[in-house]
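Structure first, then comments.
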Amino acid sequence: MARDLNQHEQPTSGEEVAVEPAGLSMRAAILSLVFFAIALIWMRQVGLIALGAQIGESVPVIPAVAAVLILSFVRPLLRKLPRFFDLPQSQMMLVYSFLVIAVSMPSVGVVRQILPQITVPFYFAGPENEYALLADDISPWLAPDRCVIQTMYEGTEDGSIPWRGWITPLAWWTVFLLAMFVTMHALMLIFRRQWIEKEHLTFPIVQLVLTMGDTEGKHVAGGFLRNPVMWMGFGLAAIYNVMNMLNAWNPAVPALGKSFNIGALFTERPWSAMGGLSIAWRPENFGIGYLVSTDILLSVWVFALLFRFSNVAATAMGYDISGFPMERQHAWGGYLAFGLVLLWVGRHHIRQVLSKAFTGDPSVDDSTEPYPYRVTVWAGIIGFVVMIVFAVQSGMWPLVAVWYLGISLLFAIVYARARAEAGAAMVWLFPIAQHWEMTFNVFGSKVFHHGSSWANLSSLGMFYWVSRGYFTSMGAYQIEGCRIADESGIRQRTMVKVMVAALLIGLLGAYAVHLQAYYSYGANILEGGTTSGGSRVGSAARAWDALSGFVRADKQPDMQRTAAGISGFVITILLMLARTFWLRFPLHPLGFVMVASYGGPIWGPFMIVWIIKSLLLRIGGMGSYRRMIPFFLGLVVGHFFTAGVVWGSVSLINDMYRRYGVWFG
């Protein structure tokens with residue numbers, strides 16, 4: 001059996017002991033499945049039926065955090081038993097890496113987004129829309145028949161699931177998801193050496209997880225769970241949440257609330273354009289933010305304020321533009337530019353990878369990689385080809401498929417970079433649905449259909465979830481898994497296999513719990529719905545509504561939103577050039593694309609943490625900074641425990657969660 005790094009014997013007589021990287025043990029595999037089964041039941045009741053807390057959209061997902069904490073807590077007891085029962089850190093990290101992928105599948109951004117997306121045009125077709133016309137051009141293997149879909153939304157008398165009608169579409173969508181997952185993983189393996197070994201990115205999420213699993217004091221003095229500074233942060237986050245919970249029962253109880261609305265202080269024009277500017281009290285962003293570099297922290301809150309001030313300036317000059325300053329459109333351009341910059345910066349490494357893959361260049365050493373570059377590159381190529389063929393067979397035009405799915409993968413690289421460099425403890429921190437919408441904003445809709453055929457538009461409707469859901473964020477967990485394997489002494493190939501297994505097992509579990517809930521209760525009334533579906537059904541319907549409008553009247557290119565996207569592209573390039581030519585330039589382009597994508601929940605915490613961190617480094621130096629790390633990580637763990645586990649439990653037995661909704665994404 002392979003030994004773990006934490007268990008190797010100490011060298012004697014000045015000799016080094018070679019440590020064999022760890023594989024997956026049977027006990028870790030069993031624990032992974034047990035924790036996942038518990039998470040499935042929990043997510044079905046809390047997230048889908050009761051809509052109390054979305055524990056699968058946090059970063060990292062709460063069940064994975066809980067698993068690491070539980071295993072760390074009981075490990076001192078297990079070490080007193082025979083060695084078989086001990087679970088070293090490498091095995092805990094494999095359990096964690098399995099859960100972050102598997103638990104994400106039944107969460108709000110993957111299967112719960114896909115199932116409504118492929119069924120809405122059939123069930124909600126009516127004279128008030130053009131859904132039926134669009135549905136007629138949908139390939140029959142992409143969705144079940146109409147009777148199966150009708151009972152999904154309305155439920156069956158005995159809750160039985162018509163599996164025969166679902167096997168074909170679910171099997172094909174699983175093929176697509178697997179191909180996309182493999183393609184992203186290949187991209188992450190290509191960037192692995194560039195980001196980890198050459199650029200030495202900090203990976204704040206990995207630091208959090210390794211510290212939580214530290215039972216021997218290697219990352220934090222005294223071990224994470226035995227560190228009193230950590231419990232101070234944990235207690236502060238717990239008190240914050242408990243006071244908000246009590247306030248939900250009795251409004252007379254004082255509580256901080258979820259945010260402080262700064263915009264409400266400005267009531268006169270043009271300063272009223274500051275409306276919507278709030279500081280979100282999200283402990284996880286305070287905690288992870290402490291591990292982020294000060295230039296990114298500074299950039300996030302500076303650009304957040306600049307966006308609001310630009311709105312004030314436009315109002316003062318008499319401009320009243322709907323949606324201004326169009327942050328999400330800026331994010332689309334910024335993500336596109338940042339992705340191209342990442343490819344440019346890593347061009348020498350990418351050239352070496354391709355040279356090794358196609359010519360066997362002996363000057364390039366890939367012996368330390370999880371797989372030879374030839375295998376990695378061809379896996380990525382084959383995966384992308386499968387994605388394109390799948391989309392084309394569904395009715396999408398080849399050039400549209402390459403554009404749409406290629407942009408999706410580029411955005412996956414940028415989001416993974418944001419997680420690797422800035423923590424980005426939010427799964428929605430990307431231009432949500434923007435490359436789908438910007439496709440029509442830039443080109444209009446007329447170029448996407450010929451005559452009476454709507455197959456291309458229908459296919460884009462079926463694939464809306466690629467842009468609206470967060471499956472592309474799995475690339476971040478993949479590159480973090482590479483880093484975890486390096487730090488914990490795990491075989492890189494083992495990590496890859498665990499994550500692929502997590503995807504497939506996670507999808508099977510997600511299909512089962514969702515269809516069971518849909519056919520037992522009816523999708524119309526789940527996830528906050530009444531008679532026409534809840535949040536995810538409404539999200540899917542918005543895409544089909546837009547396409548229905550295109551059928552009735554072609555959409556013209558939107559020059560304002562296109563200009564905003566171009567502006568985001570140019571700003572990102574200029575920021576990158578400024579940092580290249582002026583090494584002390586304080587603003588980071590990653591901060592710009594992050595705040596443009598979803599800046600509301602992060603700018604306030606990052607500003608406060610920037611002030612604290614800057615003072616600590618200036619007054620106490622790196623020693624003071626390091627001593628405070630457990631406190632800020634305790635904020636994250638305390639928030640996930642009280643807001644996710646405790647409040648999620650309350651939502652199972654009481655509807656008070658409706659007065660204090662906690663969302664982590």
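In terms of its C-alpha gyration tensor, the chain has a rounded overall shape, because the principal axis ratio a/c (a ≥ b ≥ c, square roots of the eigenvalues) stays below 1.5.
Distance between the C-alpha centers of region 163-180 and region 495-514? Whole Å please. First find each Cα centre; the distance between them is then 13 Å. Centroid-to-centroid, using Cα positions, region 359-376 and region 385-408 are 29 Å apart. For Tyr373, the shell of other residues with beta-carbons less than 12 Å away shows a net charge of +1, using +1 for Lys and Arg and -1 for Asp and Glu.
Simple point charges give the picture: +1 on the Cβ of Lys and Arg, -1 on the Cβ of Asp and Glu, and for region 240-385 a dipole about the Cα centre of about 180 debye.
Which net charge results when you count Lys and Arg as +1 and Asp and Glu as -1 among the other residues whose beta-carbon is under 10 Å from that of Pro601?
Details: positive: Lys258, Arg282; negative: Glu284.
With Lys, Arg at +1 and Asp, Glu at -1, the net is +1.
For an R0 of 30 angstrom, estimate the FRET efficiency from the Cβ-Cβ distance between Leu574 and Ala264 and round to the nearest 0.05. Don't skip to the answer; put the middle values down first.
Values: r = 34 Å, r/R0 = 1.12.
Given R0 = 30 Å and the Cβ-Cβ separation, E is 0.35.
Arranged from highest to lowest average of other beta-carbon atoms within 10 Å per residue, in what order do the peptides 159-172, 105-118 appear?
105-118, 159-172
Entry note, the chain: relative contact order of 31 percent, from Cα contacts under 8 Å with a spacing of 6+ residues. Farthest towards the positive end of the charge dipole of the chain, among the residues Gln45, Ile413, Gly591, is the Cα of Gly591, using unit charges on the Cβ of Lys, Arg, Asp and Glu.
Give, rounded to the nearest 20 debye, the magnitude of the charge dipole that the chain has about its Cα centre when Lys and Arg contribute +1 at Cβ and Asp and Glu contribute -1 at Cβ.
In total the dipole reaches around 1000 debye.
What you get for region 371-527, charging only the Cβ of Lys and Arg (+1) and of Asp and Glu (-1), is a dipole of about 320 debye around the Cα centre.
Ordering Ser624, Gly509, Ser539 by the projection of their Cα atoms onto the charge dipole of the chain, which places +1 on the Cβ of Lys and Arg and -1 on the Cβ of Asp and Glu, puts Ser624 at the extreme positive end. Annotation: aspartates and glutamates with alpha-carbon distance below 18 angstrom to Lys613 (same-chain offsets under eight excluded): Glu284, Asp295, Glu421. With R₀ set to 25 Å, the beta-carbon distance separating Tyr521 from Ala37 gives a calculated FRET efficiency near 0.75.
When each of the peptides 481-492, 235-246 is scored by how many other beta carbons lie within 10 Å of its residues on average, the order from highest to lowest is 481-492, 235-246. Rolled with a 1.4 Å probe across the full set of protein chains, the surface gives Ser363 an accessible area near 100 Å². Surface calculation, 1.4 Å probe, protein heavy atoms: Met622 sits at approximately 90 Å² accessible. Each of Gly648, Met576, Val402 was placed along the dipole of the chain (beta-carbon charges, centred on the mean Cα), and the one lying farthest toward the positive end is Met576. Ranked by the mean number of other Cβ atoms within 10 Å of their residues, highest first, the peptides 93-100, 373-380 fall in the order 93-100, 373-380.
I need the shape label for region 235-333. Rule: rounded when a/c is under 1.5, else prolate if a/b > b/c, else oblate, with a, b, c from the alpha carbon gyration tensor. Taking the square roots of the gyration eigenvalues as a ≥ b ≥ c, region 235-333 is oblate. The calculated 222 nm mean residue ellipticity attributable to helices in the chain amounts to -20500 deg cm²/dmol, summing -39500 (n - 2.57) over DSSP H runs of n ≥ 4 and dividing by all residues.
Counting only aspartates and glutamates at least 8 places from Lys555 when in the same chain, those with an alpha carbon closer than 18 Å to its own are Glu130, Glu437, Asp545.
Straightening the chain between Ala29 and Leu77 buys 15.3 nm, computed as 0.36 nm per residue apart minus the Cα-Cα spacing.
Label sites at Arg226 and Ser624, each approximated as a point 7 angstrom past Cα along Cα to Cβ, lie 2.9 nm apart. Summing +1 for each Lys or Arg and -1 for each Asp or Glu among the other residues whose beta-carbon sits under 11 angstrom from that of Ser548 gives -1.
The values are calculated or read from the model by the stated rules, or taken from the named source; none is laboratory data. Just so it is clear, the model here is predicted, and its values are computed rather than measured. Using ideal geometry, Cβ is built from the backbone for each residue, glycine included, and neighbour counts are taken over all protein chains shown. These area figures cover heavy atoms from the full protein model, side chains too; ligands, DNA and RNA do not enter into them. Shrake-Rupley method; radii C 1.70, N 1.55, O 1.52, S 1.80 Å.
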